[in-house]
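The values are calculated or read from the model by the stated rules, or taken from the named source; none is laboratory data. Keep in mind it's a predicted model, so treat the numbers as computed, not measured. A quick note on method: Cβ atoms are made from the backbone with ideal geometry, for glycine too, and the neighbour counts reach across all protein chains shown. Heads up: the accessible areas ignore ligands, DNA and RNA and are worked out on the full protein's heavy atoms, side chains in. Shrake-Rupley method; radii C 1.70, N 1.55, O 1.52, S 1.80 Å.
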Amino acid sequence: GLPLDAPASVTHLGVRPEHIALTAPDRGHVSGTVRIAEYLGADIFAHIDCGTAGTLVVRAPGTTPVREDETVGLTFDPAALHLFDKDGLALTV
């Protein structure tokens, strides 16, 4: 489930890549498989396939060990989430 008490009208969740943290697969709010790991010096952008939740992009320090085809967990800072209803309208918690 969502890492917060969200209204029932929430159908979409938005979060910026820098507000997602990588963790062990069994410790995240969701888990997924690393499909692409882009090392860009100070940062890495990891594209994570989360099945029905879609693909999420995580921005982490460039020293973070991430391997393609690895299963990882993802955690979210509830204060950094953006909630939307079925019509794409932003909601507040």
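The table below gives the values:
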{"item": "Within segment 13-77, strands (runs of 3 or more DSSP E) holding 2 or more residues that are open to solvent by less than 30 Å² (accessible area, probe 1.4 Å) and touching a Gly at 6+ places or on another chain (Cβ under 8 Å)", "result": "43-49, 71-76"}
{"item": "Segment 10-58, residues that are among the charged types (D, E, K, R) and touching a Lys or Arg at 6+ places or on another chain (Cβ under 9 Å)", "result": "Arg16, Glu18, Asp43, Asp49"}
{"item": "Residues of segment 78-93 that turn out to be part of a strand (DSSP E or B) and modelled with pLDDT of 75 or more, as a count", "result": "0"}
{"item": "Yes/no for Gly51 being at positive phi and more than 14 Å from the chain's Cα centre (by Cα)", "result": "no"}
